[in-house]
Amino acid sequence: MRREALEREIGDELAELQGVYDDSDRALANRLGIGRTDLRCLDLIVRGGPCSATQVATKLGLTRGSVTTLVDRLERAGYATRRPDPTHGKRILVVPTPRLIELVEPLVEPRARAGSEQLATYSVGELLLIRTFLRRTRVRHSEYAAELRGS
């Protein structure tokens, strides 16, 4: 296969992957009865641990005021709560609730298990190459998003 054709196929696969990630995120958000930005916030606090409102705002490109509204919605839904930061007297952290974990774990665990099984078929060298490609792609897209936002 020619290099140009292979590069085009990889680009097409990435576009398709983005589309199916989008679809699965939308389906999960709908299942939970929340919006997509709310889901992104939950992803941050589940995968990365408790975050301050400032951290959420920075990572999601939101204002502090919109994060306050977002966290209010998540608290009403029973998916997140606010807790004092034990390491900083005035800071409040956004924390996932046990209810969220109970609801989401059975929905995402089969997908995570299948991903782990797939990764097990690759050598360490192949995994390093995949990781490098994904990191560079993520950085490139992050820079592009910042450029579009004018920052």
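The values are calculated or read from the model by the stated rules, or taken from the named source; none is laboratory data. Quick caveat: nothing in here was measured; it's all calculated off a predicted structure. Because the Cβ atoms are built from the backbone with ideal geometry, glycine has one as well, and the counts that use them run over all protein chains shown.
Overview of results
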read-out: Residues within the range 117-139 that are surrounded by 10 or more Cβ atoms within 10 Å (Cβ to Cβ) and either under 16 Å from Gly11 (Cα atoms) or of a type outside the set (Phe, Trp, Tyr) (or both), tallied; value: 15
read-out: Neighbours by Cβ (under 8 Å, 6+ apart or cross-chain): first from the range 131-150, at pLDDT 90 or above; second assigned to a helix (DSSP H, G or I); value: Thr137/Leu14
read-out: Residue satisfying condition, being of a type outside the set (S, T, N, Q) and more than 27 Å from Leu103 (Cα to Cα), within set Arg76, Arg40, Arg2; value: Arg2
read-out: Failed item in (1) surrounded by fewer than 17 Cβ atoms within 10 Å (Cβ to Cβ); (2) within 16 Å of the chain's Cα centre (by Cα); (3) of a type in the set (A, V, I, L, M), with Ile92 passing the rest; value: (2)
read-out: Residue that is modelled with the lowest pLDDT [pool: residues in the range 88-109 that are closer than 21 Å to Arg64 by Cα and part of a loop (DSSP other than H, G, I, E, B)]; value: Gly89
read-out: Members of the range 46-63 that are assigned to a helix (DSSP H, G or I) and either surrounded by 13 or more Cβ atoms within 10 Å (Cβ to Cβ) or hydroxyl-bearing (Ser, Thr, Tyr) (or both); value: Val46, Ala53, Thr54, Gln55, Val56, Ala57, Thr58, Lys59, Leu60
read-out: Lone unmet requirement of (1) more than 23 Å from Leu28 (Cα to Cα); (2) in contact (Cβ under 8 Å) with a residue 40 or more places away in the chain; (3) loosely packed, with under 13 Cβ neighbours inside 10 Å for Ile101; value: (1)
read-out: Any hit, the range 64-73, residues being farther than 26 Å from Asn30 by Cα, in contact with a Ser or Thr (Cβ under 8 Å, 6 or more places away or on another chain) and at pLDDT below 95; value: no
read-out: Output for the range 126-145, where each listed residue is hydrophobic (A, V, I, L, M, F, W, C) and over 17 Å from the mean Cα position of the chain (by Cα); value: Leu127, Leu128, Leu129, Ile130, Phe133
read-out: Subset of the range 1-24 [of a type in the set (A, V, I, L, M) and farther than 26 Å from Asp43 by Cα]; value: Met1, Ala5, Leu6, Ile10
